[in-house]
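Contents: one structure, followed by commentary.
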Amino acid sequence: MAKPNLQVALDHSNLAEGIADAVAVGYEVDIIEAGTVMLLQTGSEAIAVLREIFPEKTIVADTKCADAGGTVAKNCRDQGATWMTCICSATIATMKAAAKEIDEVQVELYGDWTFEQAEKWLEAGIDQVIYHQSRDALLAGETWGEKDLTKVKKLIDMGFRVSVTGGLNLDTLSLFEGIDVYTFITGRGITQAEDPAQAARAFQDKIREIWGE
């Protein structure tokens, strides 16, 4: 079982603040995400700046694309993104169009998606998904539980590389012990820490403690 990646999500409304946090933690994490909020507030310039600073890193454009997949993907790729996200309610045609223009598409799992839909994503050649506890769900008091772990394990068994995100902290990581998670994604858990770089290192240390190198 491979060591999971650590991804930092930059969901800053201010580009300068987001880039400052990226510089602080970028070499401590495996993947850097230009988050949805950042992209909506600052446009694709955020991707270009991240690529200039981190020429060797995997950079994700968290567009949550629902339509015009090919156009959105090409724009993200031209700015330097490695991967982009599509919302699970997007059509297969949208996802396939995006996949033609960028290295990989990740499907964001929100709402009432089904495993039957997931089979169609695999058939279309898309094998990355992101399992969420959304920010709004967390604010409403929901927490990670067995129902989430069961779904994550089933997706992995189907053949997906599964990333997980939503209110993750060092204690939460232990819930996933023994599960072949592809990437842990956290934003504020790193960027709002007193020492973001140290927080990222602590996440990496905990991941290594549970999954090994």
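Just so it is clear, none of the values below were taken in a lab; they were calculated from the coordinates. Remember, predicted model here, so these are calculated numbers, not experimental data. Glycine gets a Cβ as well: all are built from the backbone with ideal geometry, and neighbour counts include every protein chain shown.
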Taking every alpha carbon pair in region 105-213, what does the distance histogram look like in 5 angstrom bins from 0, in percent? 2, 11, 22, 22, 19, 13, 7, 2, 0
Mind checking the log10 I(q)/I(0) for region 156-213 at q = 0.13, 0.21, 0.28 Å⁻¹? Debye, one equal scatterer per Cα, no solvent, two decimals. -0.33, -0.82, -1.26
Using the structure shown, select from LYS96/LYS206; LYS96/LYS151; LYS57/LYS206 the pairs with a Cα to Cα distance greater than 28 angstrom. LYS96/LYS206
Cα Rg over Rh - the chain, Kirkwood: 0.94
Starting from the Cα-Cα distance between ASP112 and ASP205, subtract it from 0.36 nm times their residue separation and give me the gain in nm to one decimal. 30.0 nm
The exposure ranking of PHE203, PHE115, PHE54, fewest beta-carbon neighbours within 10 Å first, is PHE115, PHE54, PHE203
Using the 10 angstrom Cβ neighbour count as an exposure proxy, how do MET158, MET95, MET1, MET84 rank, fewest first? MET1, MET158, MET95, MET84
Please identify the trypsin sites (Lys or Arg not before Pro) of region 56-112 that satisfy two criteria: DSSP loop assignment and at most 15 other Cβ atoms within 10 Å. Which are they? LYS100
Where in region 29-87 are there GluC sites (Glu not before Pro) that are in a DSSP coil and have at most 14 other Cβ atoms within 10 angstrom of their Cβ? GLU56
